[in-house]
Amino acid sequence: MKHKQTTSSFLRVLKPYLVFCNFTTKSPETLTAMKTLDESDVGIFCYISKLPGFRGILKQRYSDFIVNEVDSDGNVVHLTSLDAPSKIVEEKETKLSDQSSKSYTSEIESFRSLTGDSDAECLKAFIDQISSGVKDSVSPIVLSPSSDKSHRTAVHNFFKEKLKFLVTDTLDGPDASSKCIRVRLNSGGHHNKGRNSKKRKDRDEKPFDSRGSENWSEHVGKFLRFHLYKENKETQEALALIGKMLGIQTRSFGFAGTKDKRSVSTQRVTVFKQHASRVAALNERLIGIKVGDFCHVKEGLLLGQLLGNRFTVTLRGVVADSEDTIKASAESLGRHGFINYFGLQRFGSGSVPTHLIGATLLRGEWKAAVSMILDPREGDILLLDVIWKAREYYKKSDDIEGTLRQLPRHLVAERAILQSLKKCPANYLQALKAIPRTLRMMYVHSYQSYLWNHAASMRVQKYGIDQVVLGDLVYCKEDCTGKVTRTVNSELEDDGCNDTHDCGHLDEISEIDLP
């Protein structure tokens, strides 16, 4: 049976070779106290080898686990260049060019009287940078925090009236009582009303965050593809950070699969209508993350659009009966392979397995699914006290603002749900939709993996591993084509086939060319 190889399928299911109860990054005390999933909980019942195996430590350091995505064409993904490609010819933004060449001395002085010297000088430097012709890589500026809402309104109105080629929005300030105004370039120019012409609700229903991209050239692919290199960070966490720095929502990104947090990984990512020079400029500010190998493509990446992953794994503290045991295990693995289960990582490390959340979503139990994601978890208090406190605080108080201040930013799903509930209380379906689609689908994929494991175990229990039987899907590496001839199941024969149309349809597809 052929299936995409996952991190966990390579590691977790080799229990006969490597005794994985000791392959962990957590302390023995934590393991004893935590309720953890067992292989049998997720449908893993059968193994190929009966060898005694050996023990070792997996992921003692995150650099012990190196993951390189293998794309659909069989190319192993590496980060080879951090530089943006040579400038692609794009349509001229005439109106914006006219704005850039104009002197804004009077407007800046007017802004100085409104906000003070510090913000005025910051705005002046920002406009000078735009005028110098580096529009693609210019980063937004954030003005000084203010707790006076009427003053912030006056600042927003100033830009709408005086500097229409710039747009503003509001960010959280350093404390609960203050807010900051962010100023950025309106790429659509004078005639583009941009984000101010559309309600947020309308933008949220679109698959991509397209603000500032109306003047995109027809000759350039709408998606920028790049290689994402990350160390000890989740894929969603890394993309959320990049999205925040670019001023776009995480739904604009596409990727073929999430990679382990505790690892050094490289994978392909696409982002909707962004210039390579602007994304490449982030490398100077990113820590533990690098982006590069840019090119524009017509389609964004979707989950599953990969051939697999290549793993380079370092095991430490290996303990075995003898060196022969290790050699025999390696030889058995090479000769007989392994059952391609999805391992425990696919089902999450918390006390609420992701496949249970997926099943709840499939049943349409929106409120229950939200509770499963937000409620305190047994593992949080042991692993990271701040997360447990934030979850416990929300369950007791229902204080969304206070919970958001406590909740770490890498908890993307939890924060998205709370921010949606803040705007639309008790709308649990809308709250679940606020989770980035790629992350939301992982819950459902986890349940699919749960079903796959049960099916694989039942197949091996019933027929063993020595032969191919009717119903197996067989992968052929060679470019060959064979005839698939219809075989009627005996149960179908007993039921009979009274519908002549259906029977005729079966005859039509009785022989099909398949690779």
Pairs only if they're at least six apart or on different chains, beta carbon under 9 angstrom, first in region 37-63 and without any contact (Cβ under 8 Å) to a residue 40 or more places away in the chain and over 25 Å from K462 (Cβ atoms), second among the small types (G, A, S) and crowded, with 18+ Cβ neighbours inside 10 Å; list them, first residue then second. none
In region 293-304, the residues that are crowded, with 17+ Cβ neighbours inside 10 Å and either under 18 Å from the mean Cα position of the chain (by Cα) or not in a strand (DSSP E or B) (or both): G300, L301
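Yes/no per residue for (1) open to solvent by less than 60 Å² (accessible area, probe 1.4 Å); (2) at pLDDT below 90; (3) within 35 Å of the chain's Cα centre (by Cα):
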site: I127; (1), (2), (3): yes, yes, yes
site: G133; (1), (2), (3): yes, yes, yes
site: P145; (1), (2), (3): no, no, yes
site: T153; (1), (2), (3): no, no, no
site: H156; (1), (2), (3): yes, no, yes
site: T168; (1), (2), (3): yes, no, yes
With G358, G350, G364 as the choices, which residue is modelled with pLDDT of 90 or more, farther than 30 Å from L51 by Cα and in a loop (DSSP other than H, G, I, E, B)? G364
Assuming S197 fulfils every condition listed in (1) of a type in the set (S, T, Y); (2) crowded, with 16+ Cβ neighbours inside 10 Å; (3) modelled with pLDDT under 50 apart from one, which condition is it? (2)
Of the criteria (1) closer than 24 Å to S217 by Cα; (2) of a type in the set (G, A, S); (3) modelled with pLDDT of 95 or more, which one G243 fails: (3)
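With a cut-off of at least 1 residues that are farther than 28 Å from E284 by Cβ, modelled with pLDDT of 85 or more and open to solvent by 50 Å² or more (accessible area, probe 1.4 Å), name the helices (runs of 4 or more DSSP H) lying wholly within region 11-119.
Once the helices (runs of 4 or more DSSP H) in region 11-119 are filtered for at least 1 residues that are farther than 28 Å from E284 by Cβ, modelled with pLDDT of 85 or more and open to solvent by 50 Å² or more (accessible area, probe 1.4 Å), what remains is 105-115.
The values are calculated or read from the model by the stated rules, or taken from the named source; none is laboratory data. In this text, all values refer to a predicted model and were calculated from it rather than measured experimentally. Note that each Cβ is placed from the backbone with ideal geometry, even for glycine, and that neighbours are counted across all protein chains shown. Accessible surface areas use protein heavy atoms only, side chains included; no ligands, DNA or RNA. Shrake-Rupley method; radii C 1.70, N 1.55, O 1.52, S 1.80 Å.
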